[in-house]
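Inspection log for the structure reproduced underneath, given as structure tokens.
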Amino acid sequence: MAFGGEFIFRYRSWRRILRFAGHATVAVLSPSTYSPATRAVAVRQIYFTAWQILLRYTLFAALFSLVLIQIVAATARQYGLSQHALELTLRVLVLELIPLLTALFVALRSGAAIGAEVALMRVGGQIEDLAEAGESPLHGEFVPRIAAAAVSVFSLTTLSCALALLLAYAVFYGFSPWGFNEFSRIVGKVFDAPVLAGFLLKCLLFGLAVALIPIATGLEAERGKPKSVPFAVLAGLVKLFFVISLIEVLSLVVKYV
Amino acid sequence: MEPEPGFTLLPKSLGVKVGMLIAFTITIAAAFVLYVLFARGVFEATQRLTLLADNAEGVSLGMDLTFSGFPIGRVRRIALREDGKVRIDIDVPNKEAHWLRATSVFTLELPLVGGAKIRAYTANLKDTPLADGAERPVLRGDTAEEIPRMVASLRAVLENVDQITGSGSSLQESLKSARTVTERMAGKYGVLGGMLGGEDNARKVIASIDRANALLASLNGVALKMDTVLSKADQRVLGPGGVVDETQKAVAQAQAILGEVRERLKTVDEILANAQAASASARSATANVAAATTDLAALRAEVEASLRKIASLIDEINRKWPFERGTKIKLP
């Protein structure tokens with residue numbers, strides 16, 4: 001814990017990350033960044049981050065959702081609060097847990113990999129080589145990965161949430177069409193405009209953080225010192241978890257406080 | 001950047017797959033947004049209903065207006081008016097608006113558990129439909145507000161009950177006396193003991209009843225004796241040789257005597273006539289006077305004797321018939 005705390009509370013490191021985040025966000029949003037080469041990097045990154053794990057992750061999310069919906073439905077029935085069970089499920093599972101779970105999953109699988117890759121590039125001097133060759137490593141290597149990670153997180157979240165909605169309908173109403181009106185009413189009640197906007201914003205922030213923070217901390221590795229790689233990767237992961245938790249807590253505070 | 005070993009294993013259709021994934025995601029997201037818009041009633045024509053309340057506590061945006069438990073409208077806006085009343089604007093889809101009529105009543109209830117509920121009640125579904133933009137007052141029922149009031153009155157009731165049931169209370173006393181009474185009733189003399197307040201009194205009453213029974217028995221004997229006495233008296237008075245019989249005989253005798261008296265009086269008449277004739281011829285014949293007066297003296301003696309007999313007869317009757325003191329026998 002002291003080790004993690006050391007990573008979290010290093011002021012200069014955070015400042016570097018923020019500066020990098022500013023540059024990267026501007027670059028991600030500017031269309032001139034996307035040349036055929038960067039698009040190829042982005043496509044590859046999406047393939048690794050989203051497509052490869054799509055089936056496994058969807059199954060996992062479905063299982064997780066099913067168990068959670070069953071628990072909520074059974075408990076609510078026991079306490080005579082069935083009328084609130086579906087709303088609770090939508091608010092907790094679809095709006096909070098699945099995006100968080102997706103962000104953590106992608107962070108573990110791809111964030112760590114991206115961080116290690118960048119740290120190794122830094123140690124091997126490839127980033128300096130690129131800069132010397134006149135190519136911006138930010139635009140050529142980092143921004144496509146960041147954009148791809150954001151797209152992947154959004155995609156996985158959307159698909160898992162849609163699946164969770166279907167599962168919730170199936171658990172609460174079975175396969176009968178007669179629950180559709182009530183289901184629609186509750187969905188309409190839960191997903192009003194601010195909630196939808198907040199949901200999209202949260203997904204976007206999760207996606208950006210998942211790639212941005214590991215890259216920024218990966219750059220902290222020192223050239224020619226392979227031993228600094230694990231340190232940089234670990235620091236990146238700890239900061240990433242911290243930032244994901246912070247985004248989640250802030251979104252909850254804005255929504256409910 | 002040199003290709004790395006992992007990248008050489010990339011499939012050819014990488015772009016297609018990623019494109020499919022992104023397209024699929026966008027389709028799902030767009031469909032979901034459309035579904036949410038549909039669920040929120042954006043594509044539905046609605047009519048506006050405004051409810052006026054004193055207090056909007058518990059009312060939130062998106063809350064349902066229910067009719068018979070079914071949601072038929074949704075709160076769109078809550079605002080405080082200039083006069084301090086609360087405006088609750090509700091959108092009712094046109095296809096549900098037929099449940100609301102001009103005479104519908106709206107209530108806002110705050111239950112103890114769960115959120116507030118706005119309900120509509122329509123007594124007559126054939127009334128004129130509620131107009132678009134109608135303003136209606138909402139009746140408010142707040143369980144939480146009712147509870148302190150209920151507790152206060154309940155406490156008064158409980159105090160009363162406490163007073164009633166406390167030791168030394170009149171109810172306790174009544175129950176105690178009821179128990180004594182029932183105990184006495186269950187005792188030797190039963191209900192009588194319970195009513196009279198003790199075995200001694202009950203015993204006295206029973207003794208009195210016994211005595212009264214004995215008295216009745218002796219009265220019965222007396223009555224029987226009276227019967228025989230009466231029958232005897234009857235015999236004496238009315239039977240053969242009884243008082244009545246004798247009286248009848250005496251009356252017959254009296255009649256015979258009276259007949260005799262009448263005969264005698266006839267002779268007296270004749271004598272008087274003779275006397276008249278004699279007196280008429282007195283101037284001439286005074287010698288007969290002496291003879292006549294001797295006749296008169298004898299006659300008088302006879303009449304007196306007869307009268308005495310009648311007097312004694314009447315006395316006799318009076319003696320034998322003592323019940324009619326005032327009876328008089330009139331002589332002619």
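Values quoted throughout were computed directly from the atomic coordinates according to the rules given, and no laboratory measurement underlies them. Note that the structure is predicted; figures quoted are calculated from it, not measured. Ideal geometry is used to build each Cβ from the backbone, glycine not excepted, and the neighbour counts take in all protein chains shown.
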### Projected-area average for the protein assembly as shown over all orientations - Cα convex hull basis, square nanometres
74.4 nm²
### Task
Pick out, from A:Leu95, B:Leu52, B:Leu215, the residue whose Cα sits farthest towards the positive end of the charge dipole of the protein assembly as shown, with +1 on the Cβ of Lys and Arg and -1 on the Cβ of Asp and Glu.
A:Leu95
### Query
What ranking do B:Arg74, A:Arg16 get, fewest neighbouring Cβ atoms within 10 angstrom at the top?
A:Arg16, B:Arg74
### Message
I need A:Phe231, A:Phe172, A:Phe191 ordered by Cβ neighbour count within 10 Å, fewest first.
### Response
A:Phe231, A:Phe172, A:Phe191
### Task
Kindly state, to the nearest 0.05, the FRET efficiency for B:Leu299 paired with B:Glu246, given R0 = 41 Å and r defined as their beta-carbon distance.
0.80
### Message
Using a 10 Å cut-off around each Cβ, can you sort B:Trp99, A:Trp14, A:Trp178 from fewest to most neighbouring Cβ atoms?
### Response
A:Trp178, A:Trp14, B:Trp99
### Task
List every DSSP H helix in chain B whose Cα atoms extend 18 Å or more along the helix's own long axis and whose mean Kyte-Doolittle hydropathy is at least 1.6.
B:14-39
### Query
Rounded to the nearest 20 Debye, what is the dipole magnitude of segment A:2-256 about its Cα centre when Lys and Arg each give +1 and Asp and Glu each give -1 at the C-beta?
260 debye
## Note on the structure
The ratio Rg/Rh over the Cα atoms of chain A, Rh being the Kirkwood inverse mean 1/r radius, stands at 1.04
### Message
Out of all DSSP beta bridges in the protein assembly as shown, what portion is antiparallel? Express it as a percent rounded to 5.
### Response
65 percent
### Query
Once the Cα gyration tensor of segment A:107-152 is found, what semi-axes does its equivalent ellipsoid get, as square roots of 5 times the eigenvalues, in whole Å, sorted largest first?
21, 14, 4
### Task
Find the Cα radius of gyration of chain B, compare it with 2.2 N^0.38 Å by division, and give the number to two decimals.
3.32
### Query
A:Ala113 to B:Val157: FRET efficiency via 1/(1 + (r/R0)^6), r the Cβ-Cβ distance, R0 51 Å, to the nearest 0.05?
0.10
### Query
Quick one: what do you get for segment A:35-147 if you divide its Cα Rg by 2.2 N^0.38 Å?
1.56
#### Entry: Per principal axis, descending, Cα span of segment B:29-89 in whole Å
44, 27, 22
#### Entry: In Hz, Karplus ³J(HN,Hα) per residue of segment B:58-73 (6.51, -1.76, 1.60; θ = phi - 60°; x = Gly, Pro)
x, 8, 9, 5, x, 5, 8, 9, 10, 10, 6, x, 9, x, 10, x
### Query
If you take every DSSP beta bridge whose two residues both sit in segment B:45-143, what share of them, in percent to the nearest 5, is antiparallel?
65 percent
### Message
I'd like the orientation of helix A:11-29 relative to chain A: the angle between its Cα long axis and the longest Cα principal axis, in ° from 0 to 90, rounded to 10.
### Response
80 degrees
### Message
What do you get for the angle between helix A:36-46 and the principal long axis of chain A? Use alpha-carbon atoms, 0 to 90 degrees, nearest ten.
### Response
50 degrees
### Query
For helix A:193-218, what angle does its Cα long axis make with the longest principal axis of chain A, in degrees from 0 to 90 and rounded to 10?
30 degrees
### Task
Using the 2.2 N^0.38 Å rule of thumb for compact globular proteins, work out how segment A:173-216 stacks up: its C-alpha Rg over that value, please.
1.82
### Message
I need the calculated FRET efficiency for the pair B:Ile310 and B:Gln276, taking r as the beta carbon distance and R₀ as 30 Å, to the nearest 0.05.
### Response
0.60
#### Entry: Computed [θ] at 222 nm, deg cm²/dmol, chain B (DSSP H ≥ 4; -39,500 (n - 2.57); rounded to nearest 500)
-20000 deg cm²/dmol
